[in-house]
Amino acid sequence: MKISFIGGGNMAAALIAGLAGKVPQPADIHVVDPNPDALARLHDKYGVSTASSIGAAVAGSSVIVLAVKPQQMREVAAQLLHQLGGAPLVLSIAAGIRGVDLSRWLDGHGAIVRAMPNTPALIRKGITGLVAMAGVSEAQKELADDVMRAVGDTLWLIDESLIDSVTAVSGSGPAYVFYFLEAMQQAATEMGLAPQEGKQLALATFMGAARLAAQSDEELEVLRQRVTSKGGTTHAAITSMEAAGVKQAIIEAMKAAQLRGRELGDELGK
């Protein structure tokens with residue numbers, strides 16, 4: 001199996017790190033990026049082959065991972081168009097670019113999988129939502145799954161429109177977590193703890209609670225209620241959040257992210 005990455009940024013580097021030990025030869029991973037420093041780092045660390053532009057080395061790939069900014073995708077597709085011999089799997093991790101538009105830019109190429117990873121992929125703790133276009137074979141679907149599992153869990157969707165929902169929940173989700181952690185740390189300092197103490201407590205609490213939820217068969221609401229004794233300190237906090245509309249504000253924020261994803265698809269697909 002030969003894999004070509006178009007783009008050598010952080011997410012591509014994370015995927016390459018996870019895949020490096022799974023291919024027969026390091027040079028079976030090929031990276032194209034105009035940044036010579038990025039190429040040098042990836043070659044020195046993983047032994048991958050590199051190029052500054054899309055060329056014949058891409059043509060023999062089983063998988064072509066498109067890891068460029070959404071605004072660059074149309075130009076990249078035009079350069080890639082003549083290197084698609086053998087009908088390789090095209091795996092796009094660019095936000096907002098719809099499969100139908102990418103296929104159109106690639107002159108009707110149908111073996112396309114859209115993927116939405118998130119930044120915990122950088123430490124192989126990510127989760128990726130994926131959807132396969134009609135031209136993707138079962139073998140190619142398994143191949144896409146293998147690639148994305150190199151950086152975490154995967155979730156397959158049956159409808160491409162749900163990618164916008166995945167973007168709103170998990171793609172943008174790490175930022176929501178960091179935002180809540182910021183608030184916890186700030187509250188801790190306002191209550192007299194040192195900033196580092198507040199950060200340590202917030203991080204340990206968040207990670208512990210998330211792991212507890214992951215290992216429990218009970219609903220999240222039940223787990224919350226078990227910590228919330230009526231008349232106690234937690235009850236006071238939750239009552240305050242409910243009065244301030246915190247839960248609904250989070251829901252509306254995520255819906256705004258979903259809507260923006262749809263808008264990007266419309267804008268970028270023109």
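The values are calculated or read from the model by the stated rules, or taken from the named source; none is laboratory data. Since the structure is predicted, the reported quantities are computational estimates derived from the model, not experimental observations. Cβ placement follows ideal geometry from the backbone for every residue including glycine, while neighbour counts extend to all protein chains displayed. Surface areas here come from the heavy atoms of the whole protein model, side chains and all, with no ligands, DNA or RNA. Shrake-Rupley method; radii C 1.70, N 1.55, O 1.52, S 1.80 Å.
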Would you grab the residues whose amide H sits under 5 Å from the one on ALA94? Only those 5+ places off in sequence or on another chain, please, with H modelled 1.01 Å from N. ALA115
Ordering MET207, MET11, MET241 by how much accessible area each has at a 1.4 Å probe, largest first, what is the list? MET207, MET241, MET11
Checked the range 148-197 against the a/c 1.5 cut and the a/b vs b/c comparison, axes a ≥ b ≥ c from its Cα gyration tensor; verdict prolate
So how much slack lies between ALA236 and ALA210, counting 0.36 nm per residue of separation and subtracting their Cα-Cα distance, in nm? 7.2 nm
Report, by chain and number, residues whose modeled amide H sits under 5 Å from the one on THR154, excluding near sequence neighbours (fewer than 5 apart, same chain). THR128
Quick check: pseudo-label points 7 Å beyond the Cα along Cα→Cβ at ALA194 and GLU182, how many nm apart are they? 2.4
List the lysines whose Cα lies under 26 Å from the Cα of LYS2, skipping any in the same chain that are fewer than 8 positions away. LYS22, LYS45, LYS69, LYS125, LYS141
When only the heavy atoms of the protein chains count and the probe is 1.4 Å, how do LEU201, LEU80, LEU143 rank by accessible area, highest first? LEU201, LEU143, LEU80
With a 10 Å cut-off between alpha carbons and a GNM built on the chain, which of ASP44, ASP217, ASP153 moves the most? ASP217
Which order do ARG211, ARG149 take by accessible area at a 1.4 Å probe, largest first? ARG211, ARG149
From the helices alone, meaning DSSP H stretches of at least four residues, give me the mean residue ellipticity at 222 nm for the chain, per-run term -39500 (n - 2.57), in deg cm²/dmol to the nearest 500. -15500 deg cm²/dmol
Among (i) 17.6, 57; (ii) 18.7, 60; (iii) 21.5, 69, which one is Rg and Dmax of the Cα atoms in Å computed from these coordinates? (iii)
When the accessible area of the chain is computed with all protein chains present and a 1.4 Å probe, what percentage of it is carbon and sulfur? 57
Which one, GLY47, GLY231, GLY55, has the greatest fluctuation when you compute a Gaussian network model over the chain with C-alpha springs under 10 angstrom? GLY231
Tell me, in nm to one decimal, what length is gained between ALA249 and SER52 on full extension, where the rule is 0.36 nm per residue of separation less the Cα-Cα distance? 66.4 nm
Which of these, VAL131, VAL177, VAL100, has the largest mean-square fluctuation under a Gaussian network model of the chain (Cα springs below 10 Å)? VAL177
One would report the antiparallel percent of DSSP beta bridges in the chain, rounded to the nearest 5, as 15
